[in-house]
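Working notes, beginning with the structure itself.
The values are calculated or read from the model by the stated rules, or taken from the named source; none is laboratory data. Predicted model only: the values in this text are computed from it and were never measured. Using ideal geometry, Cβ is built from the backbone for each residue, glycine included, and neighbour counts are taken over all protein chains shown. Heads up: the accessible areas ignore ligands, DNA and RNA and are worked out on the full protein's heavy atoms, side chains in. Shrake-Rupley method; radii C 1.70, N 1.55, O 1.52, S 1.80 Å.
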Amino acid sequence: CGSRVEVSFYYFPMIPAVEILRPIGTPVFPLQRHVDAETVHLEHHLIPSRQARRAAALHDAELAKRREWKHRARQSMWDFMRLHGCAERTGPVHDTVPGFVNSRRAIASFCDCSIWRSAAVVFVSQETPLRPLITQALKENKTVVVGVKKPHSAFQGPWSGPSHMFVTMSDVPSHDLQLANSDVGIARFGYPLELDASIAIDLVVVGSVAVSPKHGARLGKGDGRDDKLWGAMRWMGWVSAETPVVTVVHECQLDDSLSSSDMGPGDLAVDVIATPERVLMVEGVPQKPSEVAWSDLRPDQLGQAAFMAQQRGPGRRTAT
């Protein structure tokens, strides 16, 4: 719109800092956080009430407890994969979704499934074990959607700013297919996908550090990136509650101890698990998030959130 934006910070006891983005010249009021079972609402108030402070403190304590448990579970899985040789030795294991032994066999077995063959538009997370799947999708003339890793930074590509969270690729020359699954290839062959674009994604593939074969509950690498990208896609109507979500992991990453009770309201579960040995269809998958979990956003992600909020007008498409 060309209007200037001013960023201010307000701190309340027991309440995390909230960024306020406003056009210059409009009045500013502190924001009070109200917490309910589903989401966190922001309303204008001069002084936060005791009830609101207590609710925010309980919410933050529960979130911190869940994050601590997830952190220990991830560390345990990373240590196990390194100790038992399940992870590839060419890349890092900790603090990432690690590449694993026979990952290409797992991808090949999944690509034989009807759920993959029938999909025309697929979202693939940019994790190490999933990059060959981007190449395979392009080889089969599918349209690939990926999330820009750092849309708020000066990434070298034909996009910039919080509105360009996604990139779409198709019709990549055959001699460049291997390059297309890299950051350089995505920047070269990708086109920015605006958040108000009209697109229907048939299949979502995400990375996992650990996943439950019983309930589909999963642990990512800890940044919540795939969860937030799903929330954005759901909010903009690109995916629905019926859109299948798939993950590709090593057999050792199947963890029966994970359950739906360990997941937060913004955590994404999976419907299908592909390993080098088998493809599992998960039953009893928890309900997928219907939008972004605003309470889990970090300060550096609020610019994207502010842009998406602008899209949430009367003409917003509603995911079903």
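Counting pairs of Cα atoms in segment 82-129, how many percent are more than 16 Å apart? Value for segment 82-129 (Cα pairs over 16 Å): 50 percent. The mean of 1/r over all pairs of different alpha-carbon atoms in segment 44-153, once inverted, gives a Kirkwood hydrodynamic radius of 17.7 Å.
The listed residues LYS228, LYS65 rank as LYS65, LYS228 when sorted by accessible area, largest first, using a 1.4 Å probe.
Rounded to the nearest 10 square angstrom, LYS139 shows an accessible area of 120 square angstrom against a 1.4 Å probe. Between LYS139 and ASP183, the simple spin-label model (points 7 angstrom out along Cα→Cβ) gives 2.5 nm. Heavy-atom accessible area with a 1.4 Å probe sorts HIS215, HIS71, largest first, into HIS71, HIS215. In terms of Cα atoms, the Rg and Dmax of segment 174-271 work out to 15.3, 46 Å. For LEU193, nonlocal amide neighbours, meaning residues 5 or more places apart or on other chains whose placed amide H falls under 5 Å from its own, are PHE166, VAL167, THR168. For the set GLU88, GLU242, GLU291, GLU127, solvent exposure ranked by accessible area (probe 1.4 Å, protein chains only) runs largest to smallest as GLU242, GLU88, GLU291, GLU127. Sort segment 92-246 into rounded, prolate or oblate with this rule: let a ≥ b ≥ c be the square roots of the eigenvalues of the Cα gyration tensor; rounded if a/c is under 1.5, and if a/c is not under 1.5, prolate when a/b is larger than b/c, oblate otherwise. Note, shape of segment 92-246 comes out rounded.
In this structure ILE201 has an accessible area near 10 Å², from a 1.4 Å probe over the protein heavy atoms.
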